[in-house]
Amino acid sequence: MSIHSFLLRLPLLLGVALLSLVPGLLPGQAQAQNLLLQQALVAEGSETQFPEQAALSLQALPHDWHQSRQEAPSQYAQHPLWYRLAFDLPTAQAPGAMAAYIAQACSNVRVRFNGISLLAQGRMVDPITDHCYEPLLVPLPTELLRTQGNLLDVQLAGYARQQLNSSQRSARLSVVEIGPLEQLSQRHARASFWRQGLPKALNAMLVMMAVTTGVLAILYRRERHLLFLSGLMLAWVLLSTRFWIGSLPLPRHWLEIGLSTCLPLITLFALQFLLLEMGWRNGRLNALLLAQCALVPLSLMAVGPALHFIVASMWTTLLAAELMAGMGFHLWLRWQAVLARPLDASVQRRDFAVVCTLLALAIAAVLLELLLSQLQAPLIVPMTPLAVPLLMMGLGLHATVCVARARKVAEHKHVQLEQRMAEKLAEIERSYAQMAEQKLEQVTERERKRIAADLHDDLGAKLLTIVHTSESDRISTLAREALEEMRLSVRGLTGKPVHLLDALGDWRAELVSRLGQANINAEWKSPAEDVEHTLPARAYVQTTRILRESVSNIIKHSGATHCTVSCNVQGGDFQVIIQDNGQGIPMELDGRLDKGHGMASMKARAKQMQGQCLVESGAGMGTIIRLTIPL
């Protein structure tokens, strides 16, 4: 089960827990042989034992002081009440350990049984500490039990409702149950667990959740609203100490003011968390909430103990209304966010359902707390200290899940960003390499043109002078050949591409002319159709030199009478096949055809053009040279 599913099922789980809990704690569920003491003789007195001579009155239990006592509420703490409960053991009651179980004695009690003191809990004079949420189990000594005429005296000291924040802590004595010690001990243990043990455990868990959310808020700046959730949890833990506050040597009025001060703090933290989570800020509202935190204790100090309950009830009602309005506004803002982000509708709707469930339960808890603070209802299980920590932890879990989900999304986006950055970096590196290559090519091109110009202007002029002025035919011929070679080199350096048809014409004229001068019949085969390809200048120069070297080898070494030159374009490659009917290349050259006759230089030139030059020959079978270069 996912966390979101658990949070959505939280209301059902709480309902089942309550239904399974209540039957075992109700007084009406006592066994048939147990006695329920529902009437008592009441006398006022601060003595350490029941005042026999005081005026007595018969009072039904449970007894709420503010409903029957006529004296001023401010005198309650100075005038405790004694309750005398008489009972007889049932004739069917088997002898054994017996006990008295008091579900609620608010606030402090003394218990005497048949004249013997059995329990003294808390002070009987002001300031009286609060034990309203603690059930009492008083074992009755077997030797003191009588078949008839047992007297159980209970002295109770407490405060009037007018002096407190909540009716749940006003002076009150519940029904007293007499029964077997073992059975009542189990019931007392269950009640103590649900009223004090479990709330303490939940508040300890809430403190850990508050620390977790606080750390998340500090680590992630965008989650600063979680600081208010952490403050909300800690303020509730502080307020919840009233359930097990113990003995504090403080006047009751100041203690109640301290507890009341927690309520505006809780409202402040809750509203700030709800609004900031949705990105909604209002400086005036913040100032009002802060001012409210000061006004609550000041107003309670101003009115005094006599009107404390009325003023505290007014503030509680106002703060509850503020909380419910803030929750409703938060849900409205969240729903607007769902409508505004249709791409994330499924996630947003699920979050809305979870938060709506939690806040609906929180509204119910606020209303319940408001109702219980006004009514003197029988205390079975304090639902508020159980439900509120669970709801706050639910909000904390939901916030943690949202932070984890946002972290996961951020990490995914970070990975995507790194990938895009790597791609951009590779693209930049490629662009830089291309720019560097272009720059180098430009520099090389300029240098080639300079060298070509120097060769043409200086060396060319000098060779041409030798051709025209030399008296020696051999020197003139060599100068003319050098001039042709220089012009070819200059053409390669200039870098101008050459149309393949023009190159074929030049090569055909030169090869046929040279072979004809050597009395070798030349046959030239051009491509079957016109081609529109061009050759780079360097490829043209290198191909020309390979063809010249091939023809020179045929003229000088082959002894051939016929030579065929075939040219064609196939699959994006330019192919030249030169075949003669000469004597071939002798095998004396270590059986390798790239030895001698310039074969190695021809292959090297072809390799420079990313092509290849293959030679097939043998003694008496002529020679075939296959040149392939990419266009």
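The values are calculated or read from the model by the stated rules, or taken from the named source; none is laboratory data. Everything numeric in this text was worked out from a predicted model, so none of it was measured. Neighbour counts are summed over all protein chains in view; Cβ atoms, including those assigned to glycine, are modelled from backbone coordinates with ideal geometry.
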Residue in segment 253-261 that is surrounded by fewer than 21 Cβ atoms within 10 Å (Cβ to Cβ) and of a type in the set (Phe, Trp, Tyr) present: yes
Complete set of residues in segment 579-604 that are touching a strand residue (DSSP E or B) at 6+ places or on another chain (Cβ under 8 Å) and either at pLDDT below 85 or under 15 Å from Cys563 (Cβ atoms) (or both): Gln579, Asp580, Asn581, Gly582, Gly584, Ile585, Leu593, Asp594, Met599
Count - residues of segment 367-380 that are out of contact with any Ser or Thr (no Cβ under 9 Å at 6 or more places or on another chain) and either modelled with pLDDT of 85 or more or crowded, with 17+ Cβ neighbours inside 10 Å (or both): 1
Those residues of segment 335-354 which are under 22 Å from Gly396 (Cα atoms) and either modelled with pLDDT of 85 or more or polar (S, T, N, Q) (or both), in sequence order: Trp335, Ser346, Gln348
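Is it true that some residue in segment 139-158 is surrounded by fewer than 15 Cβ atoms within 10 Å (Cβ to Cβ) and touching a residue at least 60 places away in the same chain (Cβ under 8 Å)?
Within segment 139-158, one or more residues are surrounded by fewer than 15 Cβ atoms within 10 Å (Cβ to Cβ) and touching a residue at least 60 places away in the same chain (Cβ under 8 Å).
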Residue match in segment 279-300 (condition: part of a helix (DSSP H, G or I) and basic (Lys, Arg)): yes
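Residue check: is Val109 exposed (fewer than 14 other Cβ atoms within 10 Å of the Cβ) and either hydrophobic (A, V, I, L, M, F, W, C) or under 13 Å from Leu156 (Cβ atoms) (or both)? Walk me through how you get there before you give the answer.
Details: exposed (fewer than 14 other Cβ atoms within 10 Å of the Cβ): no; either hydrophobic (A, V, I, L, M, F, W, C) or under 13 Å from Leu156 (Cβ atoms) (or both): yes.
So Val109 fails the test.
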Residue in segment 546-586 that is surrounded by the most Cβ atoms within 10 Å (Cβ to Cβ), counting only those that are among the acidic types (Asp, Glu) and part of a strand (DSSP E or B): Asp580
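Being hydrophobic (A, V, I, L, M, F, W, C) and assigned to a strand (DSSP E or B), is that true of even one residue in segment 179-200?
From segment 179-200, those hydrophobic (A, V, I, L, M, F, W, C) are 181, 184, 189, 191, 193-194, 198; that's our starting set.
Those left that are additionally assigned to a strand (DSSP E or B): none.
So far as segment 179-200 goes, no, none of its residues is hydrophobic (A, V, I, L, M, F, W, C) and assigned to a strand (DSSP E or B).
Quick check on Arg187: is it among the basic types (Lys, Arg) and either modelled with pLDDT of 90 or more or buried (at least 21 other Cβ atoms within 10 Å of the Cβ) (or both)?
Numbers: among the basic types (Lys, Arg): yes; either modelled with pLDDT of 90 or more or buried (at least 21 other Cβ atoms within 10 Å of the Cβ) (or both): yes.
Spelling it out, Arg187 is indeed among the basic types (Lys, Arg) and either modelled with pLDDT of 90 or more or buried (at least 21 other Cβ atoms within 10 Å of the Cβ) (or both).
Residues to consider are Ala60, Ala40, Ala72; find the one that is among the small types (Gly, Ala, Ser), within 16 Å of Ala160 (Cβ to Cβ) and either in the same structural domain as Asp153 (by TED's automatic domain parsing) or without any contact (Cβ under 8 Å) to a residue 24 or more places away in the chain (or both).
Numbers: Ala60 fails: within 16 Å of Ala160 (Cβ to Cβ); Ala40 fails: within 16 Å of Ala160 (Cβ to Cβ).
Ala72 is the lone residue from the list that is among the small types (Gly, Ala, Ser), within 16 Å of Ala160 (Cβ to Cβ) and either in the same structural domain as Asp153 (by TED's automatic domain parsing) or without any contact (Cβ under 8 Å) to a residue 24 or more places away in the chain (or both).
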Positions within segment 286-332 being crowded, with 16+ Cβ neighbours inside 10 Å and hydroxyl-bearing (Ser, Thr, Tyr), in sequence order: Ser299, Ser313, Thr316
Search result, residues across segment 181-240 that are touching a Lys or Arg at 6+ places or on another chain (Cβ under 9 Å) and of a type in the set (Val, Ile, Thr): Ile218
Among residues of segment 384-429, those that are under 22 Å from Met278 (Cα atoms) and small (Gly, Ala, Ser), counted: 6
Options Val215, Val211, Val207; residue that is in contact (Cβ under 8 Å) with a residue 24 or more places away in the chain and surrounded by fewer than 21 Cβ atoms within 10 Å (Cβ to Cβ): Val207
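Name the residue, out of Ala120, Ala97, Ala157, that is farther than 27 Å from Leu250 by Cα and under 60 Å from the mean Cα position of the chain (by Cα).
Values: Ala120 fails: farther than 27 Å from Leu250 by Cα; Ala157 fails: farther than 27 Å from Leu250 by Cα.
After applying the criteria, what remains is Ala97.
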Residue selected from segment 28-50 under the condition in a loop (DSSP other than H, G, I, E, B) and touching a Phe, Trp or Tyr at 6+ places or on another chain (Cβ under 6 Å), by the criterion modelled with the highest pLDDT: Phe50
